[in-house]
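Asker: A single structure is presented below for examination.
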Amino acid sequence: MKAVLGQTKGKRERGGNVAVVEKYMPRCRIFLLDGEKFRTNLLILFFDLPLKRETATKTALLAEVLKKTEWQQAVKQAEEMYGALWDISVVKKGDRQLLLFSLETLQKVEMGEALSFLRERILQPLEKSGFTKEIVERQKEFLRRKLESRQDDKRAFAQKRIAEETAEGTDYSISADGYAEDLEDITEKGLFHWYQKIVTQSEVKVFFCGEKGEKGELLSLRQDFSGKVSWKELGEKEQSKNGPRFLQEKILAEQARLCMGFSADMENGCRQAAMLLLNHLLGGSSDSLLFQKIREEEGLCYDVKSYLEPMMPYLFIQAGIREEDAKKTGKFILQCIEQLKTEGVSEEKLQQAKENILRGYDGISDNSWAMVDFLTEQVLRERPLTTEKLLRQIERTEVEDIRRAALHLELQVVYLLGGKEEAKDGK
């Protein structure tokens with residue numbers, strides 16, 4: 001990725017958020033985004049980990065344990081920094097699991113103070129002999145309840161399940177939130193050793209969006225995470241070719257959720273742009289083909305949408321329906337996709353979709369979190385893709401590109417989350 005400082009020279013790029021990207025590849029890489037116009041500075045540091053079933057739950061638990069370690073001290077320090085906002089969390093990006101430390105402060109807070117806070121959250125636990133059993137057991141129970149309550153949000157649960165099933169056999173299918181059944185075997189000693197390995201061996205990426213002139217102090221983080229990467233595993237990305245599969249699960253709900261997962265071609269930036277537009281045209285808005293055909297014309301669903309998950313080579317469709325309408329709704333969904341394959345879309349529809357997507361990406365520069373999120377995905381993909389380049393690719397996409405993208409859609413899984421009535425009279 002090209003190394004640049006601040007904005008590009010000359011004319012400002014449309015939506016072109018440019019970051020400092022290091023010219024070489026140390027273990028700790030640092031990226032600066034121009035955030036002068038914001039009232040706050042955003043500092044994010046994350047450890048970049050392969051998403052594996054054997055470590056996913058440990059990493060998710062780590063985020064909870066680290067938040068509670070020296071909790072009172074952290075709260076007091078944040079309050080002293082004019083009510084700074086901080087968090088420790090896990091984020092899934094494709095087949096990567098990010099253990100993320102974030103701090104958002106007013107711009108008048110000194111960088112040295114912000115870095116000191118972040119260092120304490122990350123490094124102070126390592127100065128002790130390990131995590132306390134009391135905190136680990138308490139957070140294990142907290143995480144277990146959190147995982148078991150996921151079914152309460154039927155739409156989110158269905159979204160999670162179709163992603164898992166569509167990506168079956170690959171690391172894309174693994175949940176970065178962890179698994180309740182894996183918590184039992186985690187001990188405070190084993191968790192501490194896992195954290196030691198993460199801090200001393202994994203890739204570290206630092207993003208700062210705020211005032212200029214902070215690079216020098218940020219570079220001091222290299223002293224804490226020195227050396228080269230000595231531990232890096234590449235995720236398994238081979239897709240299953242055994243579809244389509246049909247699955248059904250029952251859950252206590254008034255309506256059913258029908259989900260369909262398709263493999264998609266997003267191998268490079270041009271194909272990514274075409275898929276973004278296809279998704280919008282297919283089911284990404286109230287003007288989309290699915291919404292107009294299945295909800296407005298046929299009245300078969302309460303809601304319907306298509307969507308893409310970050311850094312996953314799949315397209316998903318989800319609809320809220322009456323369970324008895326599942327087969328008919330699925331048939332119409334496939335007809336809509338076939339229409340895109342054979343007839344494509346009109347120039348007018350494509351232009352409207354472009355304008356809608358371009359407005360959304362233009363808005364990235366107005367939100368520091370969105371800027372960091374976009375750049376994070378490009379860094380993880382190891383692509384030199386700025387918002388400006390993506391916008392140009394979207395603008396250049398033609399009707400035939402949409403049809404070609406649709407031709408690459410291949411149905412993998414049909415998943416029905418059916419409703420069931422609540423038990424009566426103890427039965």
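We did not get these values from a lab; they are worked out from the coordinates using the rules stated. This one's a predicted model, so the numbers in the text were calculated from it and none came from an experiment. Counting neighbours? That spans all protein chains shown, and the Cβs are built from the backbone with ideal geometry, glycine included.
Asker: Would you be able to tell me the number of residues in the range 395-412 that are surrounded by 19 or more Cβ atoms within 10 Å (Cβ to Cβ), out of contact with any Lys or Arg (no Cβ under 6 Å at 6 or more places or on another chain) and part of a helix (DSSP H, G or I)?
Answerer: Result for the range 395-412: 3.
Asker: Would you check if residue 302 is surrounded by fewer than 16 Cβ atoms within 10 Å (Cβ to Cβ) and closer than 17 Å to residue 162 by Cα?
Answerer: Numbers: surrounded by fewer than 16 Cβ atoms within 10 Å (Cβ to Cβ): yes; closer than 17 Å to residue 162 by Cα: no.
The answer is no for residue 302.
Asker: Right, another one. If you go through the range 114-136, how many residues are part of a helix (DSSP H, G or I) and surrounded by 14 or more Cβ atoms within 10 Å (Cβ to Cβ)?
Answerer: 12
Asker: Those residues that are under 18 Å from the mean Cα position of the chain (by Cα) and closer than 10 Å to residue 194 by Cβ, I need them from the range 56-65; list them, please. Spell out how you get there, then give the answer.
Answerer: So the first thing to find is which residues in the range 56-65 are under 18 Å from the mean Cα position of the chain (by Cα), and the list is 56-57, 59-60, 63.
Within the range 56-65, just 59 meets the criteria.
Asker: Okay, moving on. Does the range 141-158 contain any residue that is hydroxyl-bearing (Ser, Thr, Tyr), without any contact (Cβ under 8 Å) to a residue 12 or more places away in the chain and in contact with an Asp or Glu (Cβ under 8 Å, 6 or more places away or on another chain)?
Answerer: Here is the first cut: in the range 141-158, the ones hydroxyl-bearing (Ser, Thr, Tyr) are 149.
Next cut, without any contact (Cβ under 8 Å) to a residue 12 or more places away in the chain only: 149.
Still in the running and in contact with an Asp or Glu (Cβ under 8 Å, 6 or more places away or on another chain): none.
Among the residues of the range 141-158, not one is hydroxyl-bearing (Ser, Thr, Tyr), without any contact (Cβ under 8 Å) to a residue 12 or more places away in the chain and in contact with an Asp or Glu (Cβ under 8 Å, 6 or more places away or on another chain), which makes the answer no.
Asker: If you scan the range 74-103, which residues turn out to be surrounded by 14 or more Cβ atoms within 10 Å (Cβ to Cβ) and either over 27 Å from the mean Cα position of the chain (by Cα) or over 30 Å from residue 52 (Cβ atoms) (or both)?
Answerer: Hits for the range 74-103 are 77, 78, 81, 84.
Asker: Of (1) surrounded by 19 or more Cβ atoms within 10 Å (Cβ to Cβ); (2) assigned to a helix (DSSP H, G or I); (3) of a type outside the set (Lys, Arg); (4) touching an Asp or Glu at 6+ places or on another chain (Cβ under 9 Å), residue 344 satisfies all except one. Which?
Answerer: Answer for residue 344: the failing condition is (2).
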